[in-house]
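No lab work stands behind these numbers, since they all come straight from the coordinates. Because the structure is a prediction, the values reported are computed rather than measured. Counting neighbours? That spans all protein chains shown, and the Cβs are built from the backbone with ideal geometry, glycine included.
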Amino acid sequence: MNDAMTLSQRADALEHKMMRELDEAIIVKSRLFLLADGDMSMPNGAALQKERPGARMLMGPDPRLPRMPDKPTLVDFFKYRFGPAQHLLQSAKHALTAGLPEKMILACLLHDIGVIGFIRSDHGYWGAQMVAPYVDPEVTWAIRAHQALRFYPDEAAGYAYPANYLQYFGADYKPEPYIEAAYKRARRHKWYMSARMITVHDIYSFDPNVTVALDEFVDIIGRNFRQPKEGLGFDNSPSAHMWRTLNQPTKYL
Amino acid sequence: MNDAASLMQRADALEEKMSRELDYIVVKSRLYSLAEADLAPPPNAAAMMAQNPNARVLMGDDPRLPKMPEKPTLVDFFRYRFGPAAHVLQSARHAVKAGLPEKMVLACLLHDISTMGFIRGDHGYWGAQLVEPYVDPEVTWAIRAHQVLRFYPDESVGYEYPASYIKAFGADYKPDPYIEADYRRMKDHKWYMSGRMITVHDIYSFDPTVEVELEEFIDVIGRNFRQPEEGLGYDNSPVAHMWRAMIRPAKYL
């Protein structure tokens, strides 16, 4: 949707958005988001309100973001919150073509939701934590472990150290001790090969002529992702607040 | 520390920061971008590196943030990552004076760590999740519950709807249905009064002449917070990655 906008449309939308924001709500950034900008300052809600009497702290949906349905599904998060998903879709298609079981196709489809939709740092752990209440434990385990396994080749499985990691991190990069320790634990685990399969199908060299649509996986999601009837975020699960934060990332409290 | 720096020192720090920034590339996490209402696809790391061949994506310590010890403790997070803590310190002091048991003093000390150090929206749920492996389950439960109970008066213990909430959210504000549902679950829970006690001691009208120091609570923390010997973030607990995200909020993967 955003890709299709012209620059001028985007500028208009931005201006409109800022006007609405000024009218209605005061938005205070969370500490974590400020830290990620190297900003150690702490905004003061009460002081901000003094500058703009009548404005309220934002406690509802962010008017600048696409509105989500009242009972959002996983597919709604793909549509309204996640960034471009082509990598995951290609990965899942690759797993499908290789004849992997359905739950592993789901694991490939979801393995990077930490990156495309939430927090990049330790994305495997975040992604696993978000989906844990809704998928087979093996899927959760594999999503968590794939992050560490990406750094360790397994020739028997046909997995080499990624060329793009050499470029991104340098030839001298060594994973941190906690990653090394996680790798050693995972190596001996009964589900090792499931996580390894995510790395094998973690495909970045796409055929640019092939576009995979999420619709191809709607049935696999339906059969393997236990969508809560109250909507993701509103089912009182241990990770419900994480989906709510993605739904409303600027809620004041 | 930041407040004390003169303008000149801050300008110098900024310049130094900018020169250092040439050495690394930060790609913002989706959640942080969403909080700025930026729905654009993330920048392409490979393209950024092509422009600046010496730079690498950030995988280690963030040079813009204070360095943390290798085995960080809860107190280190107060020092190097959390924002001003006067509110939780006053709150814990208030609980000590009222003769609350030590674990409830700890609950008061930690009840807002998510607003001070992590994510504001649903801060009770996030804060409870952060401390869960390290504290008594009653403390976790009470921290989660306080966010909800704040919206509901309980005259039997003298807790009124906060005046600051009327100002911040308007007189017509109604909590979301999931908050209402949690309130109904919580008010019948055996630990209801522990969650309630946090709200009773959730003191905002400080005596500005009183300064409470974290040192006052070191022993309470020592006896009631199971500090992992590997350091918070490196103990392979279910929430270790969350503490690591605070240590390195802009880590690439």
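Could you point to the residue in A:ALA47, B:VAL105, A:PRO66 farthest towards the positive end of the protein assembly as shown's charge dipole, with +1 and -1 charges on the Cβ of Lys/Arg and Asp/Glu respectively?
About the Cα centre, the residue reaching furthest to the positive side is A:PRO66.
Report the calculated FRET efficiency for A:GLU51 and B:TRP191 (r = Cβ-Cβ distance, R0 = 35 Å), to the nearest 0.05.
0.30
If we count every other residue with Cβ under 15 angstrom of A:ARG187's Cβ, Lys/Arg +1 and Asp/Glu -1, where does the sum land?
Charge balance near A:ARG187 sits at +4.
Given H placed on each backbone N at 1.01 Å, which residues far from A:TYR159 in sequence or on other chains put an amide H within less than 5 Å of it?
A:ASP154
Starting with the highest mean, order A:66-79, A:41-54 by the number of other Cβ atoms within 10 Å, averaged over the residues of each peptide.
Per-residue mean Cβ counts within 10 Å order the peptides as A:66-79, A:41-54.
Of A:ASN236, A:ASN224, A:ASN209, which is the most mobile in a GNM of chain A whose springs link Cα atoms less than 10 angstrom apart?
Highest fluctuation of the listed residues: A:ASN209.
Restricted to Cα positions, what overall size does the protein assembly as shown have along the principal axes? Three whole-Å values, descending.
Cα extents, longest axis first: 65, 54, 54 Å.
Can you give the local net charge around A:ARG196? Use residues other than it whose beta-carbon is closer than 12 angstrom to its beta-carbon, Lys and Arg +1, Asp and Glu -1.
Local charge sum for A:ARG196: -1.
Let me know the mean shielding of A:241-250 by other chains, meaning the per-residue number of their Cβ atoms within 10 Å of its Cβ.
If you average over the peptide's residues, the count of other-chain Cβ atoms is 6.
Please list, or write none, the aspartates and glutamates whose alpha carbon is within less than 20 Å of the alpha carbon of A:LYS71, excluding same-chain residues fewer than 8 places away.
Correct list for A:LYS71: A:ASP62, A:ASP215, A:ASP219, A:GLU230, A:ASP235, B:ASP122, B:ASP176, B:GLU180, B:ASP182.
Based on the mean of other Cβ atoms within 10 Å per residue, sort peptides B:99-108, B:242-251, B:142-151 so the most packed one is first.
In decreasing order of mean packing, B:99-108, B:242-251, B:142-151 become B:142-151, B:242-251, B:99-108.
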